[in-house]
Amino acid sequence: MHPFRKAVEADDHRAIEELLAENVVFSSPVAFRPYVGKAITAAILRGVGRVFEDFHYVREMSTADGRDHALEFKAKVDGMDVHGCDFLHVDERGLIDDFVVMVRPLSAAQALSAAMGTQFERIRREAADSAP
């Protein structure tokens with residue numbers, strides 16, 4: 001089991017943040033441009049934790065070299081079923097340097113976008129407070 005999955009399933013936000021590279025690139029399923037940096041990515045992941053209900057991973061796949069991982073998940077947002085995947089790439093130190101999230105169906109992505117929109121001012125403050 002990937003350490004990120006273990007940290008998420010334990011709801012250990014400190015461990016999640018420690019697994020992120022300083023220059024991690026986070027690509028959201030509901031934002032046009034990716035977010036760059038550990039502080040904003042960690043804050044987004046905390047926000048996602050606040051809006052997802054019943055989040056659980058259902059499958060994990062990794063490349064033979066251990067650098068790329070796909071973590072399939074299911075959750076609910078405002079009572080709507082969400083099916084998605086976290087695609088992780090790790091650098092030579094084992095830190096996540098590329099993080100892509102995809103979700104389906106479209107109605108769930110729209111519900112996620114709306115829910116995250118209500119979190120975003122808090123996310124920005126958290127990121128600013130924890131930036132080096």
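The values are calculated or read from the model by the stated rules, or taken from the named source; none is laboratory data. If you're wondering where the values come from, they're calculated on a predicted model, not measured in any experiment. Glycine gets a Cβ as well: all are built from the backbone with ideal geometry, and neighbour counts include every protein chain shown. Calculation scope for accessible area: heavy atoms of the full protein, side chains included, ligands and nucleic acids excluded. Shrake-Rupley method; radii C 1.70, N 1.55, O 1.52, S 1.80 Å.
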Apply the Karplus curve 6.51 cos²θ - 1.76 cosθ + 1.60, θ = phi - 60°, to the phi angles in segment 15-20 and return the couplings in whole Hz, x for Gly and Pro. 5, 4, 4, 5, 7, 8
If each part is reduced to its alpha-carbon centroid, segment 24-65 and segment 1-21 end up apart, in Å, by 11
Per-pair calculated FRET efficiency, R0 = 22 Å: E18 and R67 via Cβ, rounded to 0.05: 0.75
Which residue fluctuates the most in the chain, going by a Gaussian network model with Cα springs under 10 Å, if the choices are E53, E92, E22? E92
Probe 1.4 Å, protein heavy atoms only - accessible area per residue of the chain in square angstrom: 55
Heavy-atom accessible area of the chain with neighbours in place, 1.4 angstrom probe: carbon+sulfur share in percent works out to 52
With a Cα-only, solvent-free Debye model of the chain, what are the log10 I(q)/I(0) values at q = 0.18, 0.19, 0.21 Å⁻¹? -1.00, -1.13, -1.40
Report the residues of segment 53-96 in range of a label on R104: point 7 Å along Cα→C-beta, backbone N strictly under 12 Å from it. 83-85
